[in-house]
There are 4 protein chains.
Amino acid sequence: MQFRSDNAGPVHPRVLAALGQANSGYAPSYGTDALTARVTERVRALFEAPEAAVYLVPTGTSANALLLATMARPWQAIFSHEVAHVAVDECGAPVFFADGATLITVGGKSGKMSPEALQTAMSATGNGDVHAIQPGPATITQITETGQIYQLSEIRALYEVTRGHGQKLHMDGSRFSNAIAASGATPAEMTWKSGVSALSFGGTKNGLMGAECAILFDPECAWEFELRRKRSAHLFSKHRYLAAQFDAYLTDDLWLETARAANANMARLVDGLSRIPGVGIIDRPAANMLYLTMSRRAHRAAFEAGALYELAPFYAPLDGDMDEILKARLVCDWSLEDAEIDRFIALVAQIA
Amino acid sequence: MQFRSDNAGPVHPRVLAALGQANSGYAPSYGTDALTARVTERVRALFEAPEAAVYLVPTGTSANALLLATMARPWQAIFSHEVAHVAVDECGAPVFFADGATLITVGGKSGKMSPEALQTAMSATGNGDVHAIQPGPATITQITETGQIYQLSEIRALYEVTRGHGQKLHMDGSRFSNAIAASGATPAEMTWKSGVSALSFGGTKNGLMGAECAILFDPECAWEFELRRKRSAHLFSKHRYLAAQFDAYLTDDLWLETARAANANMARLVDGLSRIPGVGIIDRPAANMLYLTMSRRAHRAAFEAGALYELAPFYAPLDGDMDEILKARLVCDWSLEDAEIDRFIALVAQIA
Amino acid sequence: MQFRSDNAGPVHPRVLAALGQANSGYAPSYGTDALTARVTERVRALFEAPEAAVYLVPTGTSANALLLATMARPWQAIFSHEVAHVAVDECGAPVFFADGATLITVGGKSGKMSPEALQTAMSATGNGDVHAIQPGPATITQITETGQIYQLSEIRALYEVTRGHGQKLHMDGSRFSNAIAASGATPAEMTWKSGVSALSFGGTKNGLMGAECAILFDPECAWEFELRRKRSAHLFSKHRYLAAQFDAYLTDDLWLETARAANANMARLVDGLSRIPGVGIIDRPAANMLYLTMSRRAHRAAFEAGALYELAPFYAPLDGDMDEILKARLVCDWSLEDAEIDRFIALVAQIA
Amino acid sequence: MQFRSDNAGPVHPRVLAALGQANSGYAPSYGTDALTARVTERVRALFEAPEAAVYLVPTGTSANALLLATMARPWQAIFSHEVAHVAVDECGAPVFFADGATLITVGGKSGKMSPEALQTAMSATGNGDVHAIQPGPATITQITETGQIYQLSEIRALYEVTRGHGQKLHMDGSRFSNAIAASGATPAEMTWKSGVSALSFGGTKNGLMGAECAILFDPECAWEFELRRKRSAHLFSKHRYLAAQFDAYLTDDLWLETARAANANMARLVDGLSRIPGVGIIDRPAANMLYLTMSRRAHRAAFEAGALYELAPFYAPLDGDMDEILKARLVCDWSLEDAEIDRFIALVAQIA
């Protein structure tokens, strides 16, 4: 009963097989190999962006931080939602990579940045005043950290705000595939056609071993990105093994297949849990992440029965008033089996 | 005829197999899994260092830069040899990770830092003078960038210099295995028993896919290292796949087996080339890296016949006086076959 | 009718005279002169802190940023009030000086950080979680950016919160003198006796030309401070002229004399304005800074009549609905004459 | 007998008087005052550069570090002579301000960077190789740290090297006035007409209290400079007092008057010393800085008799073989009196 994270699950067998196939003989290092070139072309085709600069890096944080550093200057603010991964889960990586830029967090429902709040925050910076932090790029997470999807019109509205301040929009797409699978939009529609300048296109949370794709739809700063990647020690020497993962990911739409599986798992989970009295569903999720509420007693019983998921915040104490309602976060990996989901639903039905 | 680099070769089959075995079911993320714990213990045992802090990172540059950042403060100098990887091949990574520390390069024969030159350089900093950069750690590369091995007494002599300034010694062991295989010293003797405080224990250049081990023999700054690793985006979520690589590496001494193979390949190569008039061997190598000289004409002929290696510097022009003597660097991967080496020797005998 | 800022006023004549007296012959540079040594001792005596490390720097921002950088590490958060100078008026200086530390802002009435809000913010960081920013020092402004004074008990309450997280408390005392003049507390009581570890003791806003005193009550990091000061180009070569300013400041309690004058000016101003219908006083000020409200019409008329002060925010448009109520900030310099204050009160009485 | 440094001398009386004159009434802060505007225009006129961006900062290190940071990016090298102030006397300030750029030192006689050495150093970086530090700006010191003057043709030759790599040339003119006074070139000829993009125009070492002028002849990055100045805490609130110093400096050519006085003092000193057996003159100085050699015995006797100057290096021990020849540095302030110089010459004649 594994609902902790989609980074606790296994690598998809086709990805593992691709690593094996890539392992014959010698290949030029540091991304000059043929497999990397092929992945670049496949990503450009998928996003209908023949000029895009495409880079592979090992972690989601490196994709986010490198792209944001390339988009911001040290005296600028980077704007994110207050629950964004870049703000709360990266130990200050965007600030470090961007040479001391300031991260300013902005509110909004369901983990989505509100255009009004962004406008207010951006207007409070700069204005030609040398004493103030200057406005810089904004970053949004798709799907959000609370499992919701930005609609295309919502993305565009945020883009318009950034554009009004001469700035750009980044998308942390660590679960981008789940958003595409759930929404039916094309990758191009969800990104550059809606005003997104740069995307962290996630793989690790969706069946890869450790590979993310950083895409600059505006390739003007491509060389700067490459220097920052090297300088931050994220340029792999045996680069073909990053490329092999993404090549498998893009073959026969594996990225969509695993994302759809994860979303379907979540739908099954929510469907079951929502019928159980004592379980509260917060913001019925659009993709593979769920926040729910139950009593402390029920959480304890679930954990004792072997269920694995995180309280929110993760350090909420398991001791205390047994009737107190505690929040929890559940994520469905693509690899979860129906039987496991049903077993968990049955367990909760019994204890909630 | 692949002599370009030991990062152009394949992953060892036992490493690939280990990745497959690690791929069953779920595992806690971010290094809290059982396989990572096992690797930590195995590394401690190998180095006879039960208290050592042991971390896995994906690249050699990340191991070096994270360890040096943990050992230095921004107003200090980090001392390296003038041909060291940290000085010429990392795009300033140590400076970036160490928040603006200064890298000062020091001379010495065969890529080895001379204790006298280090003493002079360290004495030229600090001295209680607030206007000057202050002395910080020194870093040496084992085997050196020119294929030589620091003897234990040489390591200790450098350690004594650093200690005299209240500073520590780091070893960039991206080819540490080759040094152990060639010298017969134990890992403990070559590191902490000779005064080394922190080691980048390489894997990627010796048969792994992309995994290096950063070891702090003095674990006082372990938590700082962990924060720096996260902050620089080098903490893997699916950490078990880094651990699986190192677990295979340490099983049945695979790390020594591949290192010995690479060294033997180089010995065969040097043995053959050194008999050929017109080929100059610079510093007969102790491990798997060779610098030689031939005429431009011979290099061109070798490249045209399909040989792959790098001129030194790599951008030396192939056009010009055909009799001019040019330097080149050749590296032997563990996976090179004798027949390929012999084929190259025969080719050079013909053209030199 | 100058109410713009206490940095728009003149230097006190006794300070100017002291500069002239310091200008005879030669003096050792970089702070090794006798006048600097005397100032150090006088500051220690004033604060009853014989071990304190005492440094002179030219700007308030340099005092704040250098002290905070010395108290924080790059992966930590620095906590300030959301209207604090360090957060909104220093273009990210604390982040720059602290090598990429994160500034987190906290709420609280009248520009005062609330202990509960600080506790919440500090508890949301760290907790042994490597993914999160770690807790670092807190900084408070005395008097606050809205003209209020932290009571000693309030300072101590904030100190207790920081101490509970193993962190320290800094005081931005750019108007510290005004707080002492208004409250009757001793400098020691308002700082280290209430838990303050480091103080930026302002001079420039209180009659000096450009000199601030950075005090580390815990001198453990004194050498680090000195290196950071030099490295950030704030160590003056002709240091005696910084020292001369502070020496005059501390002679015959000039610092208190000018602060009392400024506070008295403000009391006169508030007394007059508070009787005028149409003028709203926000948080009756304890020292020399006032926030008030009037209609846009009244502000326009005041500006046209030659009054100088700032709207809040400073970029609020002067065009628009003439009945709209706009906020403004007024500061009284020590050098303001009663006649000028009365002239302004009369003007406002006429137009409000 | 004060030959320690030109920052140990007094402020020129006309500068002190100007501070007094500037001290009447109120003035807008942060450089928006009329006096600052006037200085900007006077500097532009002096340099025949009507578009130049002109900024006042308090220290030579801040002028250098801010200009270099504006000219370089973090992954670039800044090239200086190996004895340059930026390399040995600023505790890493250029690296700090330039967000981790690398400082690479280059050789050349008499403290002058040789174009060939610069060409070699710049060619060893970059070349489209992402692994290497990229080439950035070069900086030269006029007059050099050893008292010599770059001829216009020498400046141009260095400029051509930087231009060949797409980079710019900075001049650390902390003693620029002495160079102009000695050479007869115009300020424009010695800077932008010879290829200099940015100048640190010194004042503090030539009679001011603490004011330097940073000039960007190419104003494209002016706003970036302003943000970096604020962010590094070098934007003065009571800016008129910086401006008053420079205004006095430029009035009736005071800057040339003091520089000529210092140079004449040095000529008198060298003239006297060069006749004394046992005194070696290293590189007969063109302006106000001298390196000489004498026996340890003679240095000790001079110090005991009250002479003040620095050994080179400053920490050379005064104990040891009395016949050993030690180097020393002597600087003549503008304010030195002939009688003091003659007294010192007579002393040396007696003891050398």
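The values are calculated or read from the model by the stated rules, or taken from the named source; none is laboratory data. All of these numbers come straight from a predicted model, not from anything done at the bench. Counting neighbours? That spans all protein chains shown, and the Cβs are built from the backbone with ideal geometry, glycine included. Only protein heavy atoms, including side chains, enter the accessible area calculation; ligands, DNA and RNA are left aside. Shrake-Rupley method; radii C 1.70, N 1.55, O 1.52, S 1.80 Å.
Need a quick list: strands (runs of 3 or more DSSP E) entirely within the range D:243-352 having at least 2 residues that are open to solvent by less than 20 Å² (accessible area, probe 1.4 Å) and of a type in the set (A, V, I, L, M, F, W, C).
Where strands (runs of 3 or more DSSP E) fall fully within the range D:243-352 and carry at least 2 residues being open to solvent by less than 20 Å² (accessible area, probe 1.4 Å) and of a type in the set (A, V, I, L, M, F, W, C), they are D:289-295, D:325-331.
Is it the case that some residue within the range A:159-167 is more than 30 Å from B:L19 (Cβ to Cβ) and of a type in the set (A, V, I, L, M)? Working first, answer last.
Of the residues in the range A:159-167, the ones more than 30 Å from B:L19 (Cβ to Cβ) are A:159-167.
Filter once more, keeping what is of a type in the set (A, V, I, L, M): A:161.
There is at least one residue in the range A:159-167 that is more than 30 Å from B:L19 (Cβ to Cβ) and of a type in the set (A, V, I, L, M).
Looking only at the range D:163-179, how many residues end up being surrounded by fewer than 24 Cβ atoms within 10 Å (Cβ to Cβ) and in a helix (DSSP H, G or I)?
2
Counting only residues that are basic (K, R) and crowded, with 17+ Cβ neighbours inside 10 Å, how many does the range D:108-118 have?
Step one: filter the range D:108-118 for residues basic (K, R), giving D:109, D:112.
With the extra rule that they be crowded, with 17+ Cβ neighbours inside 10 Å, the set shrinks to D:112.
The total comes to 1.
Return a yes/no flag: does the range B:267-283 have any residue that is at pLDDT 95 or above and touching a Phe, Trp or Tyr at 6+ places or on another chain (Cβ under 6 Å).
Scanning the range B:267-283, I find no residue that is at pLDDT 95 or above and touching a Phe, Trp or Tyr at 6+ places or on another chain (Cβ under 6 Å), so the answer is no.
Which members of the range C:190-207 meet the condition of being open to solvent by 10 Å² or more (accessible area, probe 1.4 Å), touching an Asp or Glu at 6+ places or on another chain (Cβ under 6 Å) and not polar (S, T, N, Q)?
C:K205
What is the number of the single condition among (1) in the same structural domain as C:A17 (by TED's automatic domain parsing); (2) within 30 Å of C:V95 (Cα to Cα); (3) in contact with a helix residue (DSSP H, G or I) (Cβ under 6 Å, 6 or more places away or on another chain) that C:L242 does not meet?
All conditions pass for C:L242, except number (3).
What number goes with the only condition from (1) in contact with a Lys or Arg (Cβ under 7 Å, 6 or more places away or on another chain); (2) surrounded by fewer than 24 Cβ atoms within 10 Å (Cβ to Cβ); (3) within 13 Å of another protein chain (Cβ to nearest Cβ); (4) under 27 Å from B:P74 (Cα atoms) that C:V57 does not pass?
Status for C:V57: all satisfied but (2).
Could you look through the range B:15-41, keep only residues that are of a type in the set (D, E, K, R) and surrounded by fewer than 16 Cβ atoms within 10 Å (Cβ to Cβ), and pick out the one that is farthest from B:D218 (Cα to Cα)? Break it down stepwise before answering.
Going residue by residue through the range B:15-41, those that are of a type in the set (D, E, K, R) are B:33, B:38, B:41.
Keeping just the survivors that are surrounded by fewer than 16 Cβ atoms within 10 Å (Cβ to Cβ) gives B:38, B:41.
Details: B:R38: 20, B:E41: 16 Å.
Checked the range B:15-41; the qualifying residue farthest from B:D218 (Cα to Cα) is B:R38.
Does the range B:134-150 include one or more residues that are out of contact with any Gly (no Cβ under 6 Å at 6 or more places or on another chain) and surrounded by fewer than 20 Cβ atoms within 10 Å (Cβ to Cβ)?
no
Of the residues in the range D:88-105, how many are surrounded by fewer than 24 Cβ atoms within 10 Å (Cβ to Cβ) and under 18 Å from the mean Cα position of the chain (by Cα)?
Summing the residues that are surrounded by fewer than 24 Cβ atoms within 10 Å (Cβ to Cβ) and under 18 Å from the mean Cα position of the chain (by Cα) in the range D:88-105 gives 3.
Would you tally the residues in the range B:24-42 being more than 14 Å from every other protein chain (Cβ to nearest Cβ), in contact with a helix residue (DSSP H, G or I) (Cβ under 7 Å, 6 or more places away or on another chain) and under 14 Å from B:A214 (Cα atoms)? Steps first, answer last, please.
Restricting attention to the range B:24-42, the residues satisfying the condition of being more than 14 Å from every other protein chain (Cβ to nearest Cβ) are B:37-42.
If we keep only those that are in contact with a helix residue (DSSP H, G or I) (Cβ under 7 Å, 6 or more places away or on another chain) as well, we get B:38-39, B:42.
Those left that are additionally under 14 Å from B:A214 (Cα atoms): B:39, B:42.
Looking only at that region, the number is 2.
Does any residue in the range C:24-41 that is in the same structural domain as C:A243 (by TED's automatic domain parsing) come within less than 7 Å, Cβ to Cβ, of a residue that is surrounded by 17 or more Cβ atoms within 10 Å (Cβ to Cβ) and of a type in the set (D, E) six or more places away or on a different chain, and which pairs are these?
Hits for this filter: C:A27/C:D33; C:L35/C:D247; C:R38/C:D247; C:V39/C:D247.
So if I check each of C:S200, C:S153, C:S177, which one is more than 18 Å from C:T40 (Cα to Cα) and of a type in the set (S, T, Y)?
Result of the check over C:S200, C:S153, C:S177: C:S153.
For the range A:9-125, please list each of the strands (runs of 3 or more DSSP E) lying entirely inside it that holds at least 2 residues being under 30 Å from C:F314 (Cβ atoms). Lay out the reasoning, then the answer.
Details: elements: A:53-57, A:76-81, A:102-106.
Ranges flagged: A:76-81, A:102-106.
Could you tell me which numbered condition C:R73 fails, if it satisfies all but one of (1) of a type in the set (D, E, K, R); (2) under 18 Å from the mean Cα position of the chain (by Cα); (3) assigned by TED's automatic domain parsing to the domain that holds C:D129?
Going through (1) of a type in the set (D, E, K, R); (2) under 18 Å from the mean Cα position of the chain (by Cα); (3) assigned by TED's automatic domain parsing to the domain that holds C:D129 one by one, C:R73 breaks only (2).
Could you grab me the full set of residues in the range A:221-242 that are buried (at least 24 other Cβ atoms within 10 Å of the Cβ) and polar (S, T, N, Q)?
A:S232
For C:S110, state whether it is modelled with pLDDT under 95 and more than 18 Å from the chain's Cα centre (by Cα).
Against the criterion (modelled with pLDDT under 95 and more than 18 Å from the chain's Cα centre (by Cα)), C:S110 does not qualify.
So how many residues does the range A:89-110 have that are within 14 Å of chain D (Cβ to nearest Cβ) and farther than 16 Å from D:R231 by Cβ? Before the answer, list the steps.
Narrowing the range A:89-110 to residues within 14 Å of chain D (Cβ to nearest Cβ): A:95-102.
Still in the list and also farther than 16 Å from D:R231 by Cβ: A:96-97.
Looking only at that region, the number is 2.
Evaluate the following for C:R156: is it free of Cβ contacts under 8 Å to residues at least 40 places away in the same chain, touching a helix residue (DSSP H, G or I) at 6+ places or on another chain (Cβ under 6 Å) and either open to solvent by 20 Å² or more (accessible area, probe 1.4 Å) or within 14 Å of chain A (Cβ to nearest Cβ) (or both)?
Values: free of Cβ contacts under 8 Å to residues at least 40 places away in the same chain: yes; touching a helix residue (DSSP H, G or I) at 6+ places or on another chain (Cβ under 6 Å): yes; either open to solvent by 20 Å² or more (accessible area, probe 1.4 Å) or within 14 Å of chain A (Cβ to nearest Cβ) (or both): yes.
Yes: the conditions hold for C:R156.
Inspect all residues belonging to the range B:60-67 and state whether any of them is away from chain A (no Cβ under 11 Å), in contact with a strand residue (DSSP E or B) (Cβ under 7 Å, 6 or more places away or on another chain), farther than 30 Å from B:R343 by Cβ and of a type in the set (A, V, I, L, M, F, W, C).
Narrowing the range B:60-67 to residues away from chain A (no Cβ under 11 Å): B:67.
So of that shortlist, the ones also in contact with a strand residue (DSSP E or B) (Cβ under 7 Å, 6 or more places away or on another chain) come out as B:67.
Checking which are farther than 30 Å from B:R343 by Cβ leaves us with B:67.
Next, from what is left, pick out any that are of a type in the set (A, V, I, L, M, F, W, C): B:67.
Scanning the range B:60-67 turns up at least one residue that is away from chain A (no Cβ under 11 Å), in contact with a strand residue (DSSP E or B) (Cβ under 7 Å, 6 or more places away or on another chain), farther than 30 Å from B:R343 by Cβ and of a type in the set (A, V, I, L, M, F, W, C).
Give the range A:1-23 a look and list any residue that's within 30 Å of A:E304 (Cα to Cα) and either touching a strand residue (DSSP E or B) at 6+ places or on another chain (Cβ under 8 Å) or at the interface with chain B (Cβ under 7 Å from one of its Cβ atoms) (or both), or say none. Reasoning before the result, please.
Step one: filter the range A:1-23 for residues within 30 Å of A:E304 (Cα to Cα), giving A:1-12.
A:M1, A:Q2, A:F3, A:R4, A:S5, A:D6, A:N7, A:A8, A:G9, A:P10, A:V11 - these are the residues of the range A:1-23 that are within 30 Å of A:E304 (Cα to Cα) and either touching a strand residue (DSSP E or B) at 6+ places or on another chain (Cβ under 8 Å) or at the interface with chain B (Cβ under 7 Å from one of its Cβ atoms) (or both).
Please tell me if B:A121 is assigned by TED's automatic domain parsing to the domain that holds B:R228, open to solvent by less than 10 Å² (accessible area, probe 1.4 Å) and closer than 17 Å to B:L169 by Cα. Please lay out each step first, then the result.
Values: assigned by TED's automatic domain parsing to the domain that holds B:R228: yes; open to solvent by less than 10 Å² (accessible area, probe 1.4 Å): no; closer than 17 Å to B:L169 by Cα: yes.
Against the criterion (assigned by TED's automatic domain parsing to the domain that holds B:R228, open to solvent by less than 10 Å² (accessible area, probe 1.4 Å) and closer than 17 Å to B:L169 by Cα), B:A121 does not qualify.
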